[in-house]
Amino acid sequence: MSKCFLDDIRIPKDAIGLVPDKHNQFYFANDWDVVRNYDEFVQYIEINGVPKFVSFDHDIGDTAMDEYFRNVATKGTLDYDNIKEKTGLDCAKFLVEYCADKNQPLPEYLVHSANPVGKRNIEGFLENAKKHLNI
């Protein structure tokens, strides 16, 4: 089983400092498969199945980054209507649906996004899915 790193720009070592300190060494490992966007994430899972671990970024495209700088960084708000491409939250939603359809548990995960609102949205969605869907 593999580890999947979702991020449009960074590599796993770049996640250090974005996750709790106890996981920093984890990101130095070379056994990551890097995917850059929603379509690559979906294709990766459809080909390889559910990885043992996923590290999520939220802002995986230009309009998501624009929204981050326009609203999240300045006002602490996030308006998904301003984001044209799919985000890490969309990837989390796909993963939950895939796991539910295949009757598989969710993999372990961390969210390494620098976007605090997007990070909370992904974590909240996944925790809620684990609690209510028993996956």
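The values are calculated or read from the model by the stated rules, or taken from the named source; none is laboratory data. Here the structure is a predicted model, which is why all the values come from computation and not from measurement. Heads up, the Cβs are rebuilt from the backbone with ideal geometry, glycines too, and the neighbour counts pull from every protein chain shown.
Based on this model, can you work out whether I9 counts as under 17 Å from P107 (Cβ atoms), of a type in the set (A, V, I, L, M) and surrounded by fewer than 17 Cβ atoms within 10 Å (Cβ to Cβ)? Don't jump to the end; show me each part of the working.
Numbers: under 17 Å from P107 (Cβ atoms): no; of a type in the set (A, V, I, L, M): yes; surrounded by fewer than 17 Cβ atoms within 10 Å (Cβ to Cβ): yes.
The answer is no for I9.
Just for the range 22-40: of the residues that are outside any helix (DSSP H, G or I) and either surrounded by 14 or more Cβ atoms within 10 Å (Cβ to Cβ) or charged (D, E, K, R) (or both), which one is modelled with the lowest pLDDT?
For the range 22-40, the residue satisfying everything is D31.
Looking at G61, is it farther than 24 Å from D31 by Cβ, surrounded by fewer than 19 Cβ atoms within 10 Å (Cβ to Cβ) and touching a Lys or Arg at 6+ places or on another chain (Cβ under 8 Å)?
Details: farther than 24 Å from D31 by Cβ: yes; surrounded by fewer than 19 Cβ atoms within 10 Å (Cβ to Cβ): yes; touching a Lys or Arg at 6+ places or on another chain (Cβ under 8 Å): yes.
So G61 fits the description; yes.
Would you be able to say whether some residue in the range 80-103 is within 19 Å of N134 (Cα to Cα), assigned to a loop (DSSP other than H, G, I, E, B) and out of contact with any His (no Cβ under 9 Å at 6 or more places or on another chain)?
yes
Scan the range 108-117 and tell me whether some residue there is surrounded by fewer than 18 Cβ atoms within 10 Å (Cβ to Cβ), in a helix (DSSP H, G or I) and without any contact (Cβ under 8 Å) to a residue 24 or more places away in the chain.
no
Looking at (1) outside any helix (DSSP H, G or I); (2) more than 21 Å from D8 (Cα to Cα), which is the only condition G124 fails?
Every condition holds for G124 apart from (1).
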